[in-house]
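The values are calculated or read from the model by the stated rules, or taken from the named source; none is laboratory data. Keep in mind it's a predicted model, so treat the numbers as computed, not measured. Counting neighbours? That spans all protein chains shown, and the Cβs are built from the backbone with ideal geometry, glycine included.
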Amino acid sequence: MKLFYSENETELLAWLQKIMLIWGEEDKLFDIELAKKMKEQLGENCYLQGIPKAGHLLHLERPCAYNRQLGRFLAYVNSQENQATS
């Protein structure tokens, strides 16, 4: 199953689960505009957080910022699941 149909087309499949895109704002390989397009196409269950002063390897370049955003997202998803099962 492909996410991208061609190099020029960024149509994505619809996903039901929550998705977090954590993106380096200075990524030279895949710029933040691509992330914004992906978020728009993935829909309301997709969240985008840009990390300033980080490139493509943001988890290595800014590990504290990356882990903080990931932790917030996982806590949010966990709280939503807990509410749904209560």
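Applying the selection to the range 34-59, what residues are modelled with pLDDT under 95 and more than 28 Å from GLN80 (Cβ to Cβ)?
Matches in the range 34-59: none.
Could you please find all residues in the range 56-73 being crowded, with 17+ Cβ neighbours inside 10 Å and outside any helix (DSSP H, G or I)?
Scanning the range 56-73 gives a single hit, ARG62.
Which residues, counting only those in the range 32-55, are touching a Gly at 6+ places or on another chain (Cβ under 6 Å) and farther than 12 Å from ILE22 by Cβ?
GLY55
What number goes with the only condition from (1) of a type in the set (Phe, Trp, Tyr); (2) assigned to a loop (DSSP other than H, G, I, E, B); (3) modelled with pLDDT of 95 or more that TRP15 does not pass?
Among (1) of a type in the set (Phe, Trp, Tyr); (2) assigned to a loop (DSSP other than H, G, I, E, B); (3) modelled with pLDDT of 95 or more, the lone unmet condition for TRP15 is (3).
Being on the phi < 0 side of the Ramachandran plot, within 14 Å of the chain's Cα centre (by Cα) and assigned to a loop (DSSP other than H, G, I, E, B) narrows it down to one of GLU44, GLU26, GLU33, so name that one.
Answer to the selection: GLU44.
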